[in-house]
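Reviewing the structure listed below.
The values are calculated or read from the model by the stated rules, or taken from the named source; none is laboratory data. Just so it is clear, the model here is predicted, and its values are computed rather than measured. Glycine gets a Cβ as well: all are built from the backbone with ideal geometry, and neighbour counts include every protein chain shown. Accessible surface is based on the protein model in full, side chains and every heavy atom, while ligands, DNA and RNA are left aside. Shrake-Rupley method; radii C 1.70, N 1.55, O 1.52, S 1.80 Å.
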Amino acid sequence: MAEDIVLLADQVSRYFDVSRPWLQRTLAREPKQVLRAVDGVSFRVARGSTLSLVGESGCGKSTVARLAVGLYTPSGGEIRFEGEAISAARAQPDLRRRMNMIFQDPYASLNPRWRVRDIVAEPIRAFKLLSSTADINARVGALLTQVGLAAADGEKFPHEFSGGQRQRISIARALSSEPEFLVCDEPTSALDVSVQAQILNLMKDLQQRLGLTYLFISHNLSVVRHMSDRLGVMYLGRIVEIGPAAEIFANPRHPYTKLLLDAIPDLDMVGRSRTPVGGEVPSPINPPPGCPFHPRCPLANARCKTEKPQVLHLGTVEIACHAAEEGRTTA
Amino acid sequence: MALLDVVDLVVEFPTRRGVLRALDGVSLAIEPGEVLGVVGESGAGKSLTGAAIIGLLEPPGRVAGGQILLNGERIDTKTQEQMRPLRGKQIGAIFQDPLTTLNPLYSIGRQLVETMQTHMKLSDRDARARAIKWLEEVGIPAAAQRIDAYPHQFSGGMRQRVVIALALCAEPKLVIADEPTTALDVSIQAQIITLLKRITREHGTSVMLITHDMGVIAETADRVAVMYAGRVAEIGPVAEVVKHPAHPYTEGLMGSIPSLTHRVDRLRQIDGSMPRLTAIPTGCAFNPRCDKVFDRCRRHRPGLVPSGKTQAACWLYATEAANG
């Protein structure tokens, strides 16, 4: 059966020029510096499912989120939304309406001078989905009720709400254009755990009820495990392992995925200790040659230091690792 | 005797609209060599407890009641001048953001040397040798060369290692670590937690580990105090609190953390949010969100009572005899 793909990324890259200003650069005789935030990433998101991308700071996951909704244009490769190139999709209101985004910080993503009613109604007005004020107000009320707030809350300003409630307003706004595809960039990272549980439950309920498709970006693997159908692990702008979430959690193959899973403090860790992997994420401006993970990898050998690993299919999982390809378990 | 004994601590903030009680009767004790975790959501008062102990409450905040005893001696009544020799020497501190903890204008070696010479009689040469030894101990590579580097030349994880060295270099008996790994990535967090555990065990230092991350506590602490709305909701051995929580809030909190090992369809959720300081409910502060609430919870505030191996501030476990 062919999968119904909502979003397809094919070898997408996004580079940023981070050189110093021209004059300083010329005087100091420095070359141009390019930061490869995303470097050849491919994935697909099937309708009604959740693909999560995880990784540490600077791995490029938020850049992918912005690429996915067309806020950045790719430096290379292609992103297709409903079969259309993302730039073309952005130009068509009825396609653009079908994607939306939820941001991390509910304090920064809501205009403090607008009433909640206007914040939530903005996409409805922008896409001219409803015209009469009465209809719009009724729709806003329904949306607020749907995310667990009261219709009367529309009269208030964002500062009157707690972090969790603000994130509910963000979700209501994201849903107001009746999208099918939502990009969620760390939607619960700014929230306390009990509030995080409320938001995650709400997002799952909405997905089931409205058949939403999520691209979920997070650094928190336990949140990701709770939310995802498929999971991609990113490191220095690349996807090192991607596949069904259950499979990756049960049987992580890439050494970096193993490191991440081992590093998470879990409630079951009471009284146990472990040996963490040393080293830190290198700069994406000067990534190590070969496999970018090799300086920290316990399995790295001469090949890993020189040859960039290609993505290969291992059962249901795609993985970029020489050791996994060769079935190597030591350096 | 406990190294640190906090008894019925009350911290208040006078404001124009009245006095806000941010900590209301917090009691906890830390034994020598013990790691006590303090966990709670934003605004529960966990950082404030740490700040009160080390005497760094931001004015107009003030200790309005209770006692803080270090080695049996009251320290909450000391003036800033009297507290100064204690800080660093008796109580060390590690804060969340290593960049603001370190002075950007001084090399890390100078900061270490200054701290040690303030508290111990050391010659410049001895202090420098010790500083290098400390940097090696916290895992800074090529410590002898890096000692003259400035904070901005280190990565976040390395800076936090320097902060740990700085907190421990005068060999305090107690270290207050306030969210020491929150600003760090998970793989670096694991390194720092392991380092903190090893180094405090080797030096016999007690730690008060303040964090919102129950996973970090589960891995590091011996005992844990769960705070809610400026009060201790439950305190006990970490394994008991995690596996068999007694207080309904602790139970909800544990259930709301997504697990890595078993997937559930829905997370347990506690509806509502923590009350603001201006609107703490009478009786038990948790009663409007509690699913086991009964009449007494709304009228009287529960004290800590034993329940199994932990102590919980909950009327479910109070016998009539225990509270007269």
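Laid out as a table, the results:
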{"item": "Sites residue A:156 and residue B:118 - FRET efficiency at Förster radius 45 Å, r taken between beta-carbons, to 0.05", "result": "0.30"}
{"item": "The protein assembly as shown: antiparallel DSSP beta bridges as a percent of all, rounded to 5", "result": "60 percent"}
{"item": "Mean Cα-pair separation over length for region A:108-178, i.e. relative contact order, pairs under 8 Å, 6 or more apart, %", "result": "46 percent"}
{"item": "Portion, in percent, of the accessible area of region A:108-178 that falls on carbon or sulfur, probe 1.4 Å", "result": "51 percent"}
{"item": "Where only alpha carbons of the protein assembly as shown are counted, the Rg and the Dmax (Å)", "result": "26.6, 83"}
{"item": "Assigned charges on the beta-carbon of Lys, Arg, Asp, Glu; region A:108-178 dipole about Cα centre (debye)", "result": "120 debye"}
{"item": "Dipole magnitude of chain A, debye to nearest 20 (Cβ charges: Lys/Arg +1, Asp/Glu -1, about Cα centre)", "result": "680 debye"}
{"item": "Whichever aspartates and glutamates have a C-alpha closer than 15 Å to that of residue B:121, once near sequence neighbours (fewer than 8 apart) are set aside", "result": "B:171"}
{"item": "Solvent exposure, largest accessible area first (probe 1.4 Å, DNA, RNA and ligands not counted), of A:145, B:205", "result": "A:145, B:205"}
{"item": "Distance between region A:18-93 and region B:249-264 - C-alpha centres, whole angstrom", "result": "35 Å"}
{"item": "Per-pair calculated FRET efficiency, R0 = 60 Å: residue B:319 and residue A:11 via Cβ, rounded to 0.05", "result": "0.30"}
{"item": "Whole-number accessible area per residue in Å² for chain A, which is evaluated in the context of all protein chains at 1.4 Å", "result": "43 Å²"}
{"item": "Long-range HN-HN contacts of residue A:19 with modeled amide H, under 5 Å", "result": "A:33"}
{"item": "Helix-derived mean residue ellipticity, 222 nm - over chain A, DSSP H n ≥ 4, -39500 (n - 2.57), to 500", "result": "-9500 deg cm²/dmol"}
{"item": "Inter-part distance where region B:273-319 and region A:161-193 are each reduced to a Cα centre, Å", "result": "31 Å"}
{"item": "Computed helical MRE - 222 nm, chain B, DSSP H runs ≥ 4 contributing -39500 (n - 2.57), nearest 500", "result": "-9000 deg cm²/dmol"}
{"item": "Per-pair calculated FRET efficiency, R0 = 41 Å: residue B:261 and residue B:73 via Cβ, rounded to 0.05", "result": "0.35"}
{"item": "Amide H contacts under 5 Å for residue B:224, placed H, 5+ residues apart", "result": "B:37, B:236, B:238"}
{"item": "Once exposed loop GluC sites (Glu not before Pro) are cut out (DSSP; at most 14 other Cβ, 10 Å), longest piece of chain A", "result": "A:4-306"}
{"item": "Gained length - residue B:298 relative to residue B:268, 0.36 nm times residue gap less alpha-carbon distance", "result": "8.4 nm"}
{"item": "Buried on assembly, region B:179-199 (at least 10 Å² less accessible surface than by itself, 1.4 Å probe)", "result": "B:185, B:186, B:187, B:188, B:189, B:190, B:191, B:194, B:197"}
{"item": "Summed buried accessible area for A+B [probe radius 1.4 Å, Å², rounded to 100]", "result": "3800 Å²"}
{"item": "Occluded residues from region A:209-235, i.e. those whose accessible area drops by 30 Å² or more once the chain is not alone (1.4 Å probe)", "result": "A:222, A:225, A:226"}
{"item": "Residue-normalised accessible area of chain B, given per residue in Å² at a 1.4 Å probe", "result": "44 Å²"}
{"item": "Accessible surface of residue B:20 - all protein chains present, 1.4 Å probe, nearest 10 Å²", "result": "40 Å²"}
{"item": "Chain B - share of DSSP beta bridges that are antiparallel (%, nearest 5)", "result": "60 percent"}
{"item": "Accessible-area composition of chain B, carbon plus sulfur, in percent [1.4 Å probe]", "result": "52 percent"}
{"item": "Percentage relative contact order, region B:1-113, counting C-alpha pairs under 8 Å, at least six apart", "result": "29 percent"}
{"item": "Convex hull per residue volume in Å³, alpha carbons only, for chain A", "result": "171 Å³"}
{"item": "Full-extension gain in nm, residue B:103 to residue B:239, via 0.36 nm per residue minus C-alpha separation", "result": "45.1 nm"}
{"item": "Cα centre as origin, Lys/Arg/Asp/Glu Cβ charges: the protein assembly as shown dipole, Debye", "result": "920 debye"}
{"item": "Relative contact order (percent, whole number), region B:85-193, Cα cutoff 8 Å, 6+ residue spacing", "result": "44 percent"}
{"item": "Across A:258/B:197; B:78/B:173; B:89/B:133, pairs whose alpha-carbon gap is larger than 20 Å", "result": "A:258/B:197"}
{"item": "5 angstrom amide H check on residue A:239, placed H, neighbours 5+ away", "result": "A:42"}
{"item": "Principal-axis tilt of helix A:163-175 within chain A, Cα atoms, nearest 10 degrees", "result": "80 degrees"}
